[in-house]
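Some notes on the structure that comes next.
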Amino acid sequence: MLKKVARDIIKARHFRPMAASGKEDQLLAEFKQAFSATPQTNADSAWGRYLDLFRQRAIQDDPRKFLRWDVIEETMCVSYARFLKTEIAYLKQNWKVWGPVINETAVGDPVPYLFHSKSSGNLIHHAYHLARFQAATGCRFEELDVVYEFGGGYGCACKLLHALGFRGQYIIQDFPHFSALQRYYLGMHGIEPTLTTEPMTQPKGKSLFLAEWSLSEAPEIARAPMFDIAKDCDYFLIGYQPVGGEVDNVQFFGEWQRKIDAHWSVQDIAHLEPNQYLFGCPKRAPN
């Protein structure tokens, strides 16, 4: 009962809406058009049913409130999770850096986090992943030339990295449904990533391969091309569970560690056991 009351209180809160603009009208029109042109999958699989439900919501409902859609809340958001207290406590160890970048906007109508109403649970969650990665690798986001993200959700990690100073080329490989969502969400923040539904060659430069549980949930056929992209990257931020579908992820990512020349670190996530991080960075030259 108390849990439901708390959720109702959180749900009733909203961030201050942004002033309407021609840019928003254009992005909304493009979003609707993208889904009108995208046929139903009619696939008899969990992902197929999910994408068809998402398409239906995108056509019928207001995209300005997409972060309140059940189809999004159930798969991409952690608005009410208890472990967020642990994660924001970690961020507060370097609040000068992380405090400002987790200030939320009204785009998508995110649910404010109960114990830090300037932010949302999902933004805090993504910031925690980046903070853990940076502490382990020393990566300076503003010095990266390329980020290749496999499965970008609605674009939360991309938004965060730009807030942290990244100004290079950001590539997101995803389903066309999510590419349309990312184009709208990130466009509202003045960010124009490179969106692709197929693996693409990345430009030269200091690069980060990013896959927050997306790769560990993907079928084997979708994983195979990612190795050829990842092997040329300098940094790696991967979150994974022990088993994804029929794939042993411990073995799968163990193969990456053996085949890709990098300094690797597997780290536990105590509040999300048995999930783990796989961090990678360039090997340091001997003194």
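A short reminder: the numbers here are calculations on the coordinates, not readings from a lab. Note that this is a predicted model, so its numbers are computed, not measured. Cβ sites come from the backbone with ideal geometry, for glycine too, and all protein chains shown count toward neighbours.
Using 0.36 nm per residue, how much length does the chain from GLU192 to GLN93 gain when fully extended, once their Cα-Cα distance is taken away? So the chain would gain 32.5 nm between GLU192 and GLN93.
I'd like the FRET efficiency for ARG140 and GLU74, computed as 1/(1 + (r/R0)^6) with the beta carbon distance as r and R0 of 30 Å, rounded to 0.05.
The formula returns an efficiency of 0.30 here.
Using Cα pairs closer than 8 Å and at least 6 residues apart in sequence, work out the relative contact order for the chain, in percent.
Values: 435 pairs, mean separation 41.6, N = 287.
It rounds to 15 percent for the chain.
The largest-to-smallest principal axis extents of the Cα set in the stretch 55-132 are 43, 21, 20 Å. Of MET188, MET200, MET76, the sequence from fewest to most neighbouring Cβ atoms within 10 angstrom is MET200, MET76, MET188.
On a C-alpha basis, how far is the centre of the stretch 134-193 from the centre of the stretch 68-118 in Å? Whole number, if you could? Comparing the Cα centres of the stretch 134-193 and the stretch 68-118, I get a distance of 17 Å. Taking a point 7 Å from the Cα of ARG258 along the Cα-to-Cβ direction, none of the residues of the stretch 178-221 has its backbone N closer than 11 Å to it.
For ARG284 and GLN33, the FRET efficiency from 1/(1 + (r/R0)^6), where r spans their Cβ atoms and R0 equals 41 Å, is about 0.25. Neighbour counts of C-beta atoms inside 10 Å place LYS96, LYS85, LYS204 in the sequence LYS96, LYS204, LYS85, starting with the fewest. Shown for ILE260, ILE102: other C-beta atoms within 10 Å of each C-beta, ranked fewest to most, produce the order ILE260, ILE102. Cross-link partners for LYS23 among the aspartates and glutamates, with Cα-Cα distance under 17 Å and sequence neighbours closer than 8 places in the same chain left out: ASP62, GLU192. Report note on the peptides 104-114, 261-271, 225-235: ranked by the mean count of other C-beta atoms within 10 Å, highest first, their order is 104-114, 225-235, 261-271.
Shape call for the stretch 170-237 from the C-alpha gyration tensor, a ≥ b ≥ c root eigenvalues: rounded (a/c under 1.5), prolate (a/b greater than b/c) or oblate? Could you put the intermediate results ahead of the total?
Numbers: a/c = 1.96, a/b = 1.29, b/c = 1.52.
Oblate, because a/c is 1.5 or more while a/b does not exceed b/c.
Just want the answer: with Cβ charges of +1 for Lys and Arg and -1 for Asp and Glu, which residue in TYR154, TYR185, ILE124 is farthest toward the dipole's positive end in the chain? Farthest towards the positive pole: ILE124. Modelled label positions at HIS271 and THR201, each set 7 Å beyond Cα in the direction of Cβ, lie 4.3 nm from each other.
Taking a straight Cα-Cα cut-off under 16 Å and skipping sequence neighbours fewer than 8 places away in the same chain, the aspartates and glutamates within cross-link reach of LYS283 are ASP232, ASP234, ASP261.
Checking the a/c ratio against 1.5 first, then a/b against b/c, what shape does the Cα gyration tensor give for the stretch 78-211?
Details: a/c = 1.97, a/b = 1.32, b/c = 1.49.
Verdict is oblate for the stretch 78-211.
Once you list every other residue whose beta carbon is under 14 Å from the beta carbon of PRO100, what net charge do they have if Lys and Arg are +1 and Asp and Glu are -1?
Numbers: positive: LYS92, LYS96, LYS118, LYS159; negative: GLU104.
Net of charged neighbours comes to +3.
Residue-normalised convex hull volume from the C-alpha trace of the chain: 149 Å³ per residue.
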